[in-house]
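Visitor: Here's a structure for you.
The numbers here are math on the coordinates, done by the rules we state, and not lab data. Because the structure is a prediction, the values reported are computed rather than measured. Positions of Cβ are backbone-derived with ideal geometry, glycine not excepted, and every protein chain shown enters the neighbour counts.
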Amino acid sequence: MARYTGAVCKLCRREGKKLFLKGDRCYTGKCAIERRSYAPGQHGQNRKKTSEYGLQLRAKQTAKRYYGIQEGQFHKYFLMAERRQGVSGENLLRICESRLDNVVYLLGWASSRAEARQLTIHAHYLVNGKKVDIPSYLLKEGDVVSIKAKSLDSDKIKAVLEANASRPVPTWLDKDAENNSAKITRMPEREEIGVPVEEHLIIEFYSK
């Protein structure tokens with residue numbers, strides 16, 4: 001499966017906003033957006049006015065890059081969102097939010113979504129007591145996510161948990177820090193989803 005292997009800070013600069021792809025670095029003065037808030041490339045500082053199509057494309061690219069999802073998977077989520085009841089744009093973001101790697105990141109069990117994907121692939125987490133090593137696994141209301149007992153002895157996991165112990169957790173996740181587990185109590189409301197994008201533009205892009 002194809003994946004982006006370039007400098008992720010360029011992605012934030014291209015979208016002109018923080019996508020929090022580098023973990024703790026994004027909260028410091030070393031953040032690329034803080035230092036160079038224009039698009040990368042030779043003509044990055046001479047960007048022309050964006051067309052309607054361009055706005056829709058940038059919204060889609062921003063959401064994809066924020067969650068670390070490839071085009072084929074993201075389009076699949078769009079089709080799923082359209083089939084569900086409710087507002088398609090909000091459904092799309094809820095689907096992205098319910099990915100296992102995203103939930104692991106939100107719980108503070110990884111410093112970035114990229115790290116969450118890596119740790120998930122290495123089978124450090126359980127869903128309802130069973131090993132799941134698929135980052136794109138979609139969690140449902142009532143599912144319980146936990147850190148595998150053996151993984152708690154890992155220096156990497158210990159360091160991650162210590163570094164992110166004070167990170168606030170969304171209210172739709174009921175985290176039990178003592179037992180290193182969490183329950184998905186409900187799906188998030190739009191105002192609880194942090195992706196900096198107007199989701200209706202994504203729907204318009206795919207609906208053409």
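Visitor: Simple spin-label model, 7 Å along Cα-to-Cβ: residue 195 to residue 148 in nm?
Guide: Reported label-point gap for residue 195 and residue 148 is 2.9 nm.
Visitor: Here's another thing I want to ask about it. Which aspartates and glutamates have a Cα lying under 20 Å from the Cα of residue 130, excluding residues fewer than 8 positions away in the same chain?
Guide: Output for residue 130: 101, 141, 143, 153, 174, 176, 178.
Visitor: How high is the FRET efficiency from residue 85 to residue 183, r the C-beta distance, R0 30 Å, rounded to 0.05?
Guide: The formula returns an efficiency of 0.80 here.
Visitor: Within a Cβ distance under 14 Å of residue 200, other residues only, what is the Lys/Arg minus Asp/Glu net charge?
Guide: Cβ neighbours under 14 Å give a net charge of -2.
Visitor: While we're here: Would you mind checking the pairs 76/158; 158/183; 131/208; 76/183 and listing those with alpha carbons more than 28 angstrom apart?
Guide: 76/158; 131/208
Visitor: Show me the trypsin sites (Lys or Arg not before Pro) within the stretch 67-101 that DSSP assigns to loop and that have at most 15 other Cβ atoms within 10 Å of their Cβ.
Guide: 84
Visitor: Considering only DSSP states other than H, G, I, E and B, which GluC sites (Glu not before Pro) in the stretch 124-208 qualify as loop sites with at most 16 other Cβ atoms within 10 Å?
Guide: 141, 178, 189, 198
Visitor: Over the stretch 99-186, calculate the relative contact order: mean separation of alpha carbon pairs under 8 Å at least 6 apart, over the residue count, as a percent.
Guide: Once normalised by length, the contact order is 31 percent.
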